[in-house]
1. Mind checking which residues of the stretch 137-188 are within 20 Å of Leu213 (Cβ to Cβ) and in contact with a Phe, Trp or Tyr (Cβ under 8 Å, 6 or more places away or on another chain)?
2. Name the single residue, out of those in the stretch 177-226 being more than 25 Å from the chain's Cα centre (by Cα), at pLDDT 85 or above and hydroxyl-bearing (Ser, Thr, Tyr), that is farthest from Ser145 (Cα to Cα).
3. Spot the failing condition for Ser17; the list is (1) of a type in the set (Gly, Ala, Ser); (2) modelled with pLDDT of 90 or more; (3) farther than 21 Å from Ile140 by Cβ, and only one is missed.
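The values are calculated or read from the model by the stated rules, or taken from the named source; none is laboratory data. None of these values were measured; they are calculated from a predicted model. In this analysis, Cβ positions are derived from the backbone assuming ideal geometry, glycine residues included, and neighbour counts consider all displayed protein chains.
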Amino acid sequence: MHTLPRCLLTVAFLFLSFVGLPSGAYSKEITTIYFYNPEINTTRSVILKSTFDQYLKEKGNYRFQPVNSKETFEGLISNNHKATFIMSSWHFQQIEDKTRPLVSALRGIKNKNDTYRKILVSKLSSINPEAMTIATSGTIEYSRSILSSIYPNRSSESLSKLNILIVPKDIDALMAVGFDLADAALTTKLSLEKLSTLYKKQHQQLNILGESLPLKRLVVIHSPGKIETIDVLKQMSQSKKGQQGLHMLGLDDWQGISTAQTKDRRSQK
């Protein structure tokens with residue numbers, strides 16, 4: 001007596017489950033945009049994710065996922081063919097020949113420029129890089145790579161002896177020097193200019209000891225044929241929420257990379 005009603009209830013439940021949900025919930029999966037940058041500290045990942053997700057939720061089934069580990073990030077690049085990746089151009093040049101075929105589609109720009117320079121700043125007029133503590137917001141590997149650009153005559157062995165102090169942001173690296181917590185700071189001219197407006201006295205004490213070669217800004221890469229996410233990122237500068245996300249990456253906008261640029265493996269001009 002009870003068998004038929006129960007079957008009907010089961011069928012009705014399944015029918016309502018499918019009808020009651022938007023068709024997109026079944027037909028379109030979430031596309032992830034992974035982010036890793038050895039040039040900055042990962043302590044702001046939660047805020048960065050929240051800012052990007054607020055923008056992306058208005059564009060469709062997308063999500064932003066910062067990654068804290070270089071090894072994890074490279075594993076995702078090798079194995080996740082449906083995702084999009086935002087990464088350091090320096091990092092991309094390191095792995096470009098070691099991973100599956102990828103397309104570099106966008107590059108970040110700031111003040112209409114797709115390059116920037118790192119500078120070494122100290123209270124002293126000259127220092128021995130082998131016997132000092134350098135404050136930096138980047139990883140140890142990345143920071144030593146930049147220092148080798150500033151000191152091309154120094155061996156990698158000698159640069160490996162210096163002490164690296166990791167801080168959250170470039171401005172914190174400068175403050176570490178100002179309060180004698182570090183001998184020098186690896187930062188950018190933009191951050192140095194910002195310090196002059198916030199802490200004029202500390203800024204006046206600092207000297208620029210060296211400057212790196214031009215470095216390319218962040219790059220967006222993806223599998224061949226995946227262009228929907230690229231269009232979403234290209235539109236970021238057109239909305240307030242998108243602009244907030246770009247600002248957190250130190251950018252004003254994205255610009256397209258031509259086929260010729262994609263084949264160019266140089267990270268410096």
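1. Correct list: Tyr142, Ser145, Leu159, Thr188.
2. Going through the qualifying residues, I end up with Thr197.
3. (2)
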